[in-house]
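Dropping the structure in here first, questions after.
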Amino acid sequence: MTTAEWEALLPAIATWAGLAVELLALALIPFVLVRRKDPSSTIAWILVLVFLPGLGALLFLLFGRSRVRWSARRKRDADEALSGHLIGFRAADVPSAPLPLAGHDLGLFRVSSVLSRGEATAGNRVDVLLGGAATYAAIGEAIDAAQHHVHAEYYLIRPDETGEWFVGKLMGAARRGVQVRLLCDGWGCLWMPSGWIRDLRSAGVKVTFFFPLSSMLVQPVSLRNHRKIVVVDGRIGFTGGINVGDEYLGQMPEVGAWRDTHMRVQGPTVSELQSVFLRDWYFSSREIVRDPMFFPSWQELPGDAVVAMLTSGPDTDSEAIHRVFFGAIAGARERLYMNTGYFVPDRSILVALQMAALQGVEVRITLPSRSNHAVTFHAGRSFYDDLIESGVHIHEYVPGMIHAKTMVVDGRIALVGSANMDLRSFRLNFEVHALVKDEATSRALEQSFLADLRQSREILLPEWRSRPLRSRVAEGAARLVSPLL
């Protein structure tokens with residue numbers, strides 16, 4: 001066939017290719033309908049498939065729920081397989097005495113135990129760590145003092161000076177004969193230098209990836225392990241919102257100052273955090289690690305805090321963190337202070353916040369004034385009108401990016417962890433959050449919140465409603481696709 005004949009056929013080929021793509025998109029609509037997700041998500045997917053058939057079909061094939069369920073089922077099966085191996089190695093990590101809780105507090109902890117895999121424990125010590133400098137100093141000190149093992153799990157390890165420092169700490173521990181395991185998310189740690197991984201393994205560190213990108217053909221790229229966990233010798237644990245990167249020490253070019261919160265825990269709850277790590281490790285590496293040293297007993301309890309480690313992810317249908325967030329908001333009677341980096345609430349969280357404010361609860365939310373995720377940022381702003389009208393106080397952090405994920409209810413109950421107040425954290429990410437009943441922890445988090453408030457500006461309704469039309473259009477468009485975020 002001559003070049004001229006091929007050129008004559010090109011319009012027809014393009015037409016048939018376009019028709020094939022449109023037919024594929026339409027053929028996917030029944031699969032959207034049988035997923036039985038909430039109507040807003042279903043409608044959003046159908047609109048994308050109808051009006052953007054090529055892009056819509058590609059996105060659905062990459063992020064489609066059937067592949068999410070298949071991948072999540074593999075994780076659930078791995079957790080169940082490992083549970084039998086952990087039995088008998090958890091030495092007195094769950095006290096037999098009743099927890100010192102009552103009323104709504106007791107109810108929240110019961111919900112966490114029913115919906116999540118962990119148990120609430122008493123006798124813990126909790127230290128709130130504000131910012132990257134304090135967090136890295138505490139983690140570095142714990143790693144340097146490790147005698148038996150260091151287990152680390154992160155969504156993001158940046159290829160920068162902080163990442164290099166962290167890798168060096170792990171290699172130093174391994175060279176001393178300490179067991180070191182590092183679990184990285186396949187997406188968040190995609191840009192970790194291969195040389196680092198090679199050096200870690202040469203030093204004796206075991207490194208593996210949770211849903212590596214090489215498995216994209218068999219699992220959707222939307223599944224991410226967003227947890228941040230470090231466990232040292234089974235006695236000290238760290239979790240919260242801080243990954244490993246230079247931005248946590250100061251500035252990020254496009255968003256300015258970066259503010260985050262982490263926590264250090266000691267006591268029986270470290271065994272709960274250890275169990276989360278070991279389940280994730282087994283799923284990713286298929287290594288069963290049976291050692292009672294991972295679950296030491298506590299002859300003397302280090303504190304008075306009651307702590308439950310909440311986990312959630314697509315491997316369960318309970319959406320435990322979402323439901324505990326809802327219960328905490330609904331149970332507030334005096335004040336509710338909340339920080340979150342990404343804010344795209346579903347209908348139930350939105351109504352809970354509105355109802356709390358309408359009943360006279362002082363509800364204050366501090367959010368970023370700038371964000372590294374533009375669509376999520378504008379989608380969150382689209383909810384401001386409804387919330388402010390109901391009496392919720394919205395504050396934007398002027399220096400830049402609030403990345404902390406904290407909540408304090410009535411100065412009694414505190415929540416610190418990795419989950420944002422958005423649909424991705426509630427449904428797709430593997431997350432961990434600490435539910436804490438401890439006066440000192442709540443007081444420290446409230447003081448931190450009030451300090452953030454002094455650097456924030458409150459969004460007032462008259463000013464907000466006079467914002468430019470382009471901003472309202474951007475928010476409306478972002479909200480339209482928010483069920484897909």
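The values are calculated or read from the model by the stated rules, or taken from the named source; none is laboratory data. The structure displayed is predicted, hence computed values, not measured ones. Note that each Cβ is placed from the backbone with ideal geometry, even for glycine, and that neighbours are counted across all protein chains shown. Side chains included, ligands, DNA and RNA excluded: accessible areas come from the protein's heavy atoms. Shrake-Rupley method; radii C 1.70, N 1.55, O 1.52, S 1.80 Å.
When region 159-185 is examined, which residues are found to be surrounded by fewer than 22 Cβ atoms within 10 Å (Cβ to Cβ) and in contact with a Phe, Trp or Tyr (Cβ under 8 Å, 6 or more places away or on another chain)?
Scanning region 159-185 gives Pro159, Thr162, Glu164, Trp165.
Among the residues of region 259-271, write down those that are under 17 Å from the mean Cα position of the chain (by Cα) and farther than 16 Å from Ile139 by Cα. Spell out the reasoning first.
Going through region 259-271, the residues under 17 Å from the mean Cα position of the chain (by Cα) turn out to be 259-263.
Arg259 - this is the single residue of region 259-271 that is under 17 Å from the mean Cα position of the chain (by Cα) and farther than 16 Å from Ile139 by Cα.
For region 257-347, which strands (runs of 3 or more DSSP E) that fit wholly inside it have 1 or more residues that are among the hydroxyl-bearing types (Ser, Thr, Tyr), closer than 17 Å to Gly237 by Cβ and open to solvent by less than 10 Å² (accessible area, probe 1.4 Å)?
Filter on region 257-347 gives 261-266.
For Ser214, work out the one condition from (1) among the polar types (S, T, N, Q); (2) under 30 Å from Asp438 (Cβ atoms); (3) open to solvent by 20 Å² or more (accessible area, probe 1.4 Å); (4) modelled with pLDDT under 95 it doesn't fulfil.
Ser214 satisfies every listed condition except (2).
Could you check Gln299 against (1) of a type outside the set (Ser, Thr, Tyr); (2) over 26 Å from Pro212 (Cα atoms); (3) touching a Gly at 6+ places or on another chain (Cβ under 9 Å) and say which number it fails?
(3)
Being modelled with pLDDT of 95 or more, open to solvent by less than 10 Å² (accessible area, probe 1.4 Å) and assigned to a loop (DSSP other than H, G, I, E, B) is true for just one of Ala146, Ala152. Which residue is that?
Of the residues listed, the single one that is modelled with pLDDT of 95 or more, open to solvent by less than 10 Å² (accessible area, probe 1.4 Å) and assigned to a loop (DSSP other than H, G, I, E, B) is Ala146.
Only residues that are modelled with pLDDT under 95, under 24 Å from the mean Cα position of the chain (by Cα) and under 20 Å from Pro368 (Cβ atoms): list them for region 432-485, please.
Of everything in region 432-485, those that are modelled with pLDDT under 95, under 24 Å from the mean Cα position of the chain (by Cα) and under 20 Å from Pro368 (Cβ atoms) turn out to be Glu475, Ala478, Arg479, Val481, Ser482, Leu485.
Does Leu367 meet the test of being assigned to a strand (DSSP E or B), touching a helix residue (DSSP H, G or I) at 6+ places or on another chain (Cβ under 8 Å) and not β-branched (Val, Ile, Thr)?
yes
Then there's this: Mind checking whether some residue in region 338-347 is at pLDDT below 90, within 23 Å of the chain's Cα centre (by Cα) and within 25 Å of Ala122 (Cα to Cα)?
There is no residue in region 338-347 that is at pLDDT below 90, within 23 Å of the chain's Cα centre (by Cα) and within 25 Å of Ala122 (Cα to Cα).
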